[in-house]
Amino acid sequence: MSEYSYDEQGDVWPYFLIAILSVILIPLTINYVYNVLNYQQSIIKINSKVEGSIVENNDSLDLPTVKKTTRSRIFNKTLIVIIIGWASVIYVLINLTKSADMSSIFDPYEILGISSSSTEKQIKSHYRKLSLIYHPDKIPKNLSEGEREKMEQDFVRLNKAYKALTDEVTRENFLKFGHPDGKQEVTNGIALPKFLVEGKSSLIMIGFYIVLIGVLLPFIVGSWWNNVKSYTSHGLHVKSADLFTKFFTDRNPGKVITPKFLLSIFFKTFEIQKLNISESEYNKILESYTSRDFSNAHSKTFDVVSSLPDLIDKFNEIAIFFRQYDVILVSLELKKSIIQAVKFTGKHHDILQLPYVDRATVESQPIKRLGKLFTLKNEELKKVLGIKDDAKLKKCMEIAEKICSLRIVSSEFQVPGEDIVPPTAKSHINLKFLVKSPKLKSCPDLKDEEIKDDFNENIEYLKDPSVVNKSAPLLPISYSPFFPDDLRNSWNGILINQKDNKIVEGSTIINLTNVDLSNVSLTQEEWIKGKVYDEKTKQGVLKLNNFNIPVTQPTPAGPGSYPFRLILKNNAYFGVDLDIPLYMEVKNPPPVPLNKDKILGKNVDDDDDSDSDISDPDEDTLAGALSALRGGKVKKIEEIKDDEEEEEDDEDEDVFTDINTDTEDEDE
Amino acid sequence: MEVTLQYNNTDKKISTPSTDEKLQKEIDQLNTLTSEIISNGSDVPPIATPENFNKDLSKMIKKLYEGGVQSFKQNKFEESVRQFTIGIEMINRRHKFEAFQGTLQELSMFLMSRTDANLKTKRYLDAFNDIDMLLSMQMCTPENFLRRGVANYFLGNYEAARADYQRGLAYDPNNRRLQDELETCLDKILEENGDYL
């Protein structure tokens, strides 16, 4: 006894086909459209919306770069597949699907054309009206046989529907089986012709299922799982992660880390190894790329160059666990060299990152900083940069003036809701800075009340101080005409504890991603005389940026001054890095007698004196212990100094008394 | 990695045809240690204690050091560098199984003084190498940061010099010399950037 009906007439299989096609086509199409839209968002489009950004790429500057070997993003194989797929869906829809017989689905309300909330009275009156139209006796004589039959059928359905809603028996049938006539025959259909399933060719189907379930499915799941397993949560291949970790654990502290040495480590990573190039090819690729020589670029140049910054980021994420900041500083510098296509060593990077400059000319002269360029006249500039063309020089300087640095106005440790930094509290570093173009000189003298903020009144800030980091617009895409990918500009950095000269425990790479760059276009006059922009009055030109860096460790338990060093390096530009000393001044909060009274449940007025009596010795002992601690430390330092300086004190003075005269010698 | 190692029975040394630098270095170190044990005459090297530290050598080294300081005071800086270099050479020749603690103390003294002499003779790169080594041995005194800062300053690494001075100030915030040098260095950075002074 077969309970299945096969699709011998070919009625149902088109639906099956459409279902399968749409499962494939819809994700494919969405993906394709997304890619096409992203392609439109090139550096030019994104950056022209960001004030103060450099809206140039290798095309607009007419500079060579590594060409991507991939196909066009609009006309490719995916498009053909999508077009053919959708065309066949439409064809199937129009030509092959026969209107399905839906008459077995019975909804009395719909047949009667009333809402399901109608009362019995309404149903009755409506039925009467309809039966006047459809009653066989009322059918107009001039209708054809077919139309007459259809109207008669309609009348039967109408009757059934009416009965289903009014008659007891039919109503029960309807509620139980969903149809007024009682139980309906249920058929299960397969959208395949019979010969495929029950004929001799059923072997094909069995074979098909075996391949699908026995081979294909395990293979897909297996390879997916393998893929998941072989990459860390940061997307680094486990072999590479292993390599990096080994490097940090086995590192010889006497060996100085150089960019070249780091590159030789990166060569061994899985990401570079899978490109199948030899180490000499790898070095040659990097050599010709950093010389900005694209005349006979190796075919793997694109892959090598574009994978390195990512590898460096992941390398640093591991380095920070080992708290070795020297490696991070070298690797961040290396990343910049790769993004700007300049040599890994040398002192003229600031100028060499500009377009059109001649390397040999720049390296043979003493000027190293962008700021200095803006003090020179055009003729001198041509000599320094080795640019002959006036238009090119102009463009070059336009770009130079937008490579802006951060001018720190104030930097301090803060604890939300407190005026001081108390011991064992969760603190953060608050940086306030102006954006300064290299063409601007000196720095405006800002008054304290101008830079003061009122964050402590903001409840969101008290919950999470890093909310202020997002208030400025996102930084634009970096100007990097030689680098084949578009990268968002950002400052990345680390916080170092000066005492043990290591990265603060538990910290991650600090990322400064939102900065208001609009001050780049200020004139010298506006820069020096300007007032800080006020949100309420809309007055002032200087946009003060805020950046809060959470400190992962609680503030120390004892009061004192704790030195830190904050380094923020730009990911693409040279000469705009930040390296500032910070002092965390931990103080004990002043005693608050009111609170203690509340805890003790005493009357405030009566116990004022006795309370201060209780709190005073408390303070004393704490402070005493702490000063003893501090005293001990000071002594220690002096002891060490004495040991080493016994013989040396006098010669030390000899050496350093005339340093300044030496400087003058050098300058002359 | 598979390498061929040859053992020479007469001088008890290991050699390899491999040109791998790292391997070569390790074999050299091993050979030095074995020859030290052999020359010592016993199967096991003596336990390193401050008591069996070679005092005679210490006296000689001390003398060399004083000589160097003397030359320095008489402004004979070239001579002073030479004496300190000989001293370091001598420290290097110390028995490898002696207490390293003592060796380290001597070495740091010499490196510090040689840095000063090198700064005087304007060999800033040599000075930098010495003081950098000293700092990596965790001799973190404000004066040592001052020395490295000065070396960096004259090598033209103003940013690095500034960082050194600031780190020195982290140890001793009121050190006048560090403050003055930092001031000079910051001015130089501004000047290099074409900024108003």
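The values are calculated or read from the model by the stated rules, or taken from the named source; none is laboratory data. These numbers come from a predicted model, not from an experiment. All Cβ positions, glycine included, derive from the backbone under ideal geometry; neighbour counts span all protein chains shown.
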Task: The lone exception for B:ASP56 - which of (1) surrounded by fewer than 19 Cβ atoms within 10 Å (Cβ to Cβ); (2) at pLDDT 85 or above it fails - done: (2)
TODO: Could you tell me whether A:GLN539 is within 14 Å of another protein chain (Cβ to nearest Cβ) and farther than 16 Å from A:LYS432 by Cα?
DONE: no
Task: The one condition in (1) more than 14 Å from every other protein chain (Cβ to nearest Cβ); (2) of a type in the set (S, T, N, Q); (3) touching a helix residue (DSSP H, G or I) at 6+ places or on another chain (Cβ under 8 Å) that A:GLN498 fails to fulfil - done: (1)
Task: Filter result (more than 24 Å from A:PHE374 (Cα to Cα) and either hydrophobic (A, V, I, L, M, F, W, C) or not assigned by TED's automatic domain parsing to the domain that holds A:LEU542 (or both)) within region A:430-478 - done: A:LEU431, A:LEU446, A:ILE451, A:PHE455, A:ILE459, A:LEU462, A:VAL467, A:VAL468, A:ALA472, A:LEU474, A:LEU475, A:ILE477
Task: Odd one out for A:ILE459 among (1) exposed (fewer than 14 other Cβ atoms within 10 Å of the Cβ); (2) within 14 Å of chain B (Cβ to nearest Cβ); (3) aliphatic (A, V, I, L, M) - done: (2)
Task: Residues of region B:128-144 classified as of a type outside the set (S, T, N, Q) and either within 10 Å of chain A (Cβ to nearest Cβ) or not in a helix (DSSP H, G or I) (or both), total - done: 8
- [ ] Tell me, please, whether a residue that is under 21 Å from A:ASP579 (Cα atoms) and in contact with a His (Cβ under 9 Å, 6 or more places away or on another chain) can be found in region A:465-479.
- [x] yes
Task: Residue check for B:SER39: out of contact with any Gly (no Cβ under 8 Å at 6 or more places or on another chain), outside the structural domain of B:MET112 (by TED's automatic domain parsing) and exposed (fewer than 13 other Cβ atoms within 10 Å of the Cβ) - done: yes
Task: Residues of region A:479-537 classified as part of a strand (DSSP E or B) and of a type in the set (Lys, Arg), total - done: 2
Open item on the list: Of the residues A:SER490, A:SER507, A:SER521, A:SER480, only one is in contact (Cβ under 8 Å) with a residue 24 or more places away in the chain, farther than 28 Å from B:ARG162 by Cα, of a type in the set (Gly, Ala, Ser) and surrounded by 15 or more Cβ atoms within 10 Å (Cβ to Cβ); which?
Closed with: A:SER480
- [ ] Just give me the residues in region A:43-62 being among the hydroxyl-bearing types (Ser, Thr, Tyr) and buried (at least 16 other Cβ atoms within 10 Å of the Cβ), in sequence order.
- [x] A:SER53
Open item on the list: Let me spell it out: the conditions are (1) in a loop (DSSP other than H, G, I, E, B); (2) among the small types (Gly, Ala, Ser); (3) touching a helix residue (DSSP H, G or I) at 6+ places or on another chain (Cβ under 9 Å), and A:SER233 meets all of them except one. Which number is the exception?
Closed with: (3)
Task: Failed criterion for B:LEU186 (all others in (1) more than 10 Å from every other protein chain (Cβ to nearest Cβ); (2) over 21 Å from B:CYS140 (Cα atoms); (3) buried (at least 20 other Cβ atoms within 10 Å of the Cβ) hold) - done: (3)
Open item on the list: Taking the condition of being in a helix (DSSP H, G or I), among the polar types (S, T, N, Q) and more than 7 Å from chain A (Cβ to nearest Cβ), how many residues in region B:145-168 meet it?
Closed with: 1
TODO: Inspect region A:476-488 for any residue being within 14 Å of chain B (Cβ to nearest Cβ) and at pLDDT 85 or above and give the result as yes or no.
DONE: no
- [ ] Could you tell me whether A:TYR91 is at pLDDT 75 or above, among the aromatic types (Phe, Trp, Tyr) and more than 30 Å from A:ASN514 (Cα to Cα)?
- [x] yes
- [ ] Would you confirm whether any residue within region B:70-93 is closer than 23 Å to B:LEU134 by Cα, assigned by TED's automatic domain parsing to the domain that holds B:ASP130 and part of a loop (DSSP other than H, G, I, E, B)?
- [x] yes
Open item on the list: Condition (residue is within 30 Å of A:TRP13 (Cβ to Cβ), surrounded by 12 or more Cβ atoms within 10 Å (Cβ to Cβ), of a type outside the set (D, E, K, R) and modelled with pLDDT of 70 or more) applied to region A:165-177: is it met by at least one residue?
Closed with: yes
Task: Residue, surrounded by the most Cβ atoms within 10 Å (Cβ to Cβ), within region B:169-179, restricted to residues that are facing another protein chain (nearest Cβ under 8 Å) and part of a helix (DSSP H, G or I) - done: B:ALA170
- [ ] Kindly establish whether A:GLU450 is away from every other protein chain (no Cβ under 14 Å), in contact with a Lys or Arg (Cβ under 8 Å, 6 or more places away or on another chain) and not in a loop (DSSP other than H, G, I, E, B).
- [x] yes
TODO: Quick one: which residue in A:SER331, A:SER410 is touching a residue at least 24 places away in the same chain (Cβ under 8 Å), surrounded by 17 or more Cβ atoms within 10 Å (Cβ to Cβ) and of a type in the set (S, T, N, Q)?
DONE: A:SER331
Open item on the list: Of everything in region A:353-395, what is within 30 Å of A:LYS432 (Cα to Cα) and in contact (Cβ under 8 Å) with a residue 40 or more places away in the chain? Give them in sequence order.
Closed with: A:GLN353, A:LEU354, A:ARG369, A:LEU370, A:GLY371, A:LEU373, A:PHE374
